[in-house]
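Inspection log for the structure reproduced underneath, given as structure tokens.
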Amino acid sequence: MSVALAFSRLIDYVNTWVGRTVAWLVLVAVLVSAGNAVSRKAFDASSNAWLELQWYLFGAVFMLAAAYTLRQNEHIRIDIIYGQFSRRKQHWIDLFGHVFFLMPFVLLMSYYLFRYVNTAFQSGEVSANAGGLVIWPAKALLLIGFLQLLFQGISEIIKKIAVMRGDMPDPTPHVSSHAPLAAEETALSTGERNV
């Protein structure tokens, strides 16, 4: 288990670095968008390449930060139901979801995207828009994002098993979204009684 946990830490480190780095692409995309808008309005000059570049940048942020989002345990779930279970049941639900839903989906997407990207690269596919960009880098971002998600899924499975076996503390203890409200209500009711 120690080798698997070391592998998991390496995956977490890489995806954390990538996630934090690509977050800056949002600023770049905003600057490109603003620059394109100013050049179009002020100088009556615009380019499809600038418009497509901002799409590529937003796509890069979304795809390359997906694994980081999973690593931070910030993905979408139904907390109303999930939060009612004990932490042990939550671990089993997470493990089941990772093994039977996340991994098959990510493997399938990676398989199909590999051919999709390879075809675009081999053909030198470019945008159908006048002055547009080369398409294969954007398609490659899809594949890279799913491969990152695949490895992060493996990391999460390793950590779930380690936590459930008692080999490591829970790195992302789930707190129900209702816990702060319950604590606030308790404090208010206690304060009201003291008055």
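Just one residue in the set 70, 64, 25 is among the hydrophobic types (A, V, I, L, M, F, W, C), open to solvent by 30 Å² or more (accessible area, probe 1.4 Å) and touching a Leu at 6+ places or on another chain (Cβ under 9 Å); that residue is 25. The one condition from (1) under 19 Å from residue 152 (Cβ atoms); (2) touching a residue at least 40 places away in the same chain (Cβ under 8 Å); (3) open to solvent by 80 Å² or more (accessible area, probe 1.4 Å) that residue 84 does not meet is (1).
Candidates are the residues of the stretch 143-175 that are open to solvent by 60 Å² or more (accessible area, probe 1.4 Å) and part of a helix (DSSP H, G or I); the one that is farthest from residue 8 (Cα to Cα) is 144.
If a residue must be hydrophobic (A, V, I, L, M, F, W, C) and open to solvent by 60 Å² or more (accessible area, probe 1.4 Å), how many such residues does the stretch 110-134 contain? If you could, list the steps in order and put the result at the bottom.
Our first condition is that a residue be hydrophobic (A, V, I, L, M, F, W, C); within the stretch 110-134, this holds for 113-114, 117, 120-121, 126, 128, 130, 133-134.
Restricting the remaining residues to those that are open to solvent by 60 Å² or more (accessible area, probe 1.4 Å) gives 114, 121, 126, 128, 130, 134.
Residues in the stretch 110-134 being hydrophobic (A, V, I, L, M, F, W, C) and open to solvent by 60 Å² or more (accessible area, probe 1.4 Å): 6 in total.
For (1) within 19 Å of the chain's Cα centre (by Cα); (2) over 30 Å from residue 30 (Cβ atoms), each residue gets a yes or a no:
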position	(1), (2)
44	no, no
52	no, no
79	yes, yes
92	no, yes
98	yes, yes
108	yes, yes
126	no, no
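Close Cβ contacts (under 8 Å, 6 or more residues apart or on different chains) running from residues in the stretch 33-47 that are within 16 Å of residue 132 (Cβ to Cβ) to residues that are open to solvent by 70 Å² or more (accessible area, probe 1.4 Å) and assigned to a helix (DSSP H, G or I) comprise 36/50; 46/40.
The values are calculated or read from the model by the stated rules, or taken from the named source; none is laboratory data. This is a predicted model, so every value here is computed, not measured. Methodologically, a virtual Cβ is constructed for each residue, glycine included, from the backbone with ideal geometry; neighbour enumeration extends over all protein chains shown. Surface accessibility is based on the protein's heavy atoms, side chains included, excluding ligands, DNA and RNA. Shrake-Rupley method; radii C 1.70, N 1.55, O 1.52, S 1.80 Å.
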